[in-house]
Amino acid sequence: MRYELVINGLDHAWRKEFGCQCARCQDPHRTANTSVSLLIWNEDQLYQHILIDAGGGVTESLLENPVLQKNPRLDWVLLTHWHADHVAELLRIVLTITRSRKRQHLPVEPIQLWLREGSRMWLERQQPDVLHKMNVISSLEFSAVGTLLEPIALGLPDLTITPVTLAHSSADIYPPHGGEYLPCCAGFILEQNNYKTALLWDMDATNLWVESPKLEQLAAFDKLRHCDTLLIDCNTWSCYQNGNGTPASHISFLMIKRLVRVLEPKQTFLMHISGHEDAIGDGFGWTNQTWQLEATKAWELEGLPGVVKVPCIGTRIALEYEVKDTVLALA
Ligand SMILES: [Zn+2]
Ligand SMILES: [Zn+2]
């Protein structure tokens with residue numbers, strides 16, 4: 001099997017704003033909310049398609065993918081959480097795939113949907129239709145931040161996807177009978193053939209637990225260290241707090257630098273990028289090209305591990321080590 005991630009979108013919730021003259025709002029390129037497709041290949045055949053998040057613009061990105069044009073398949077959707085910028089097009093995607101398969105006389109099976117219980121409760125309220133059209137698998141837990149959940153039962157021999165709980169305060173919910181907020185957000189760790197990829201979004205400014213993990217967070221810390229590829233929430237350049245002094249509901253590039261120092265990934269991709277959440281100054285109105293330039297500068301200046309990249313819609317990331325030609329040493 002061969003594994004490949006395709007970027008469907010990398011924007012944060014509010015992609016563009018009316019009347020805004022910033023370079024990001026004026027950029028003519030199409031945008032989409034943060035989402036990736038994991039394509040699994042058996043020789044030349046697309047064997048499975050696992051979609052992670054389904055926010056605005058993602059249907060168009062899937063439609064632009066020549067692989068899916070030829071073979072419109074979707075086996076799983078994994079949701080990080082229930083916020084609109086991660087679920088807004090879920091129903092549209094499920095219906096578009098189903099209609100396309102019917103027209104091409106391909107078999108139609110229910111698509112599996114994995115999500116945390118809190119996100120399931122929200123979707124049940126907001127989009128009951130889509131839950132009834134999918135085969136829903138809830139994590140059935142409200143574990144604290146930094147917990148590894150049961151790997152998702154994909155039934156694939158050489159791929160494991162382990163969800164890890166993230167703190168994302170604005171997505172947490174009140175339990176039905178009152179009490180503390182319950183967390184709803186998950187990141188994912190993909191492991192196959194000794195290759196490790198972590199997808200970490202959305203996460204708030206309290207996710208610095210990796211710098212000094214508690215005993216019960218050590219398993220998650222170990223799994224997140226030394227990834228070959230890390231895709232991470234980079235909502236702002238430097239914002240730590242909301243206007244009212246509460247921790248920001250996303251991490252900033254400043255925090256990413258602290259996280260990669262302890263996690264030491266080989267390559268880091270910035271996702272969930274915004275244009276307006278930073279105050280006027282660094283980060284405000286930056287296009288993805290400016291983000292790439294500034295991030296690379298910071299990486300080099302501070303000697304951060306591996307490389308940093310800002311992808312674009314359609315970027316393909318092969319989840320494999322480079323195959324080097326074997327050179328036979330002659331005695
Ligand atoms: Zn988001
Ligand atoms: Zn969110």
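The values are calculated or read from the model by the stated rules, or taken from the named source; none is laboratory data. Not measured: the values here are computed from a predicted model. With ideal geometry, Cβ positions are generated from the backbone for all residues, glycine too; neighbour counts draw on all protein chains shown.
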Qualifying positions in segment 78-116 - over 20 Å from Asp11 (Cα atoms), part of a loop (DSSP other than H, G, I, E, B) and among the polar types (S, T, N, Q): Gln104
All positions within segment 284-304 that are surrounded by fewer than 17 Cβ atoms within 10 Å (Cβ to Cβ) and either assigned to a loop (DSSP other than H, G, I, E, B) or in contact with a Phe, Trp or Tyr (Cβ under 6 Å, 6 or more places away or on another chain) (or both): Gly303
For Thr229: the one exception among (1) under 19 Å from Ile152 (Cβ atoms); (2) of a type in the set (Val, Ile, Thr); (3) within 16 Å of ligand 1 (Cβ to nearest atom): (3)
Subset of segment 239-253 (residues that are surrounded by 14 or more Cβ atoms within 10 Å (Cβ to Cβ) and either of a type outside the set (A, V, I, L, M, F, W, C) or under 19 Å from Asn194 (Cβ atoms) (or both)): Asn242, Pro247, Ser249, His250, Ser252
Filtered residues of segment 43-76 (kept if within 16 Å of ligand 1 (Cβ to nearest atom) and in a strand (DSSP E or B)): Leu51, Ile52
Which numbered condition Trp76 misses (of (1) touching a residue at least 40 places away in the same chain (Cβ under 8 Å); (2) under 24 Å from Pro151 (Cβ atoms); (3) within 16 Å of ligand 2 (Cβ to nearest atom)): (3)
Meets criteria (at negative phi, within 16 Å of ligand 1 (Cβ to nearest atom) and without any contact (Cβ under 8 Å) to a residue 40 or more places away in the chain) for Leu149: no
Output for segment 127-149, where each listed residue is under 22 Å from Gly179 (Cβ atoms), polar (S, T, N, Q) and touching a helix residue (DSSP H, G or I) at 6+ places or on another chain (Cβ under 8 Å): Ser138, Ser139, Thr147
Candidate set from segment 256-283 (those that are modelled with pLDDT of 95 or more and assigned to a loop (DSSP other than H, G, I, E, B)); member that is nearest to ligand 2 (Cβ to nearest atom): His272
Qualifying residues in segment 90-117 (those that are farther than 16 Å from Gln48 by Cβ and either of a type in the set (Ser, Thr, Tyr) or buried (at least 24 other Cβ atoms within 10 Å of the Cβ) (or both)) - the one farthest from ligand 2 (Cβ to nearest atom): Ser100
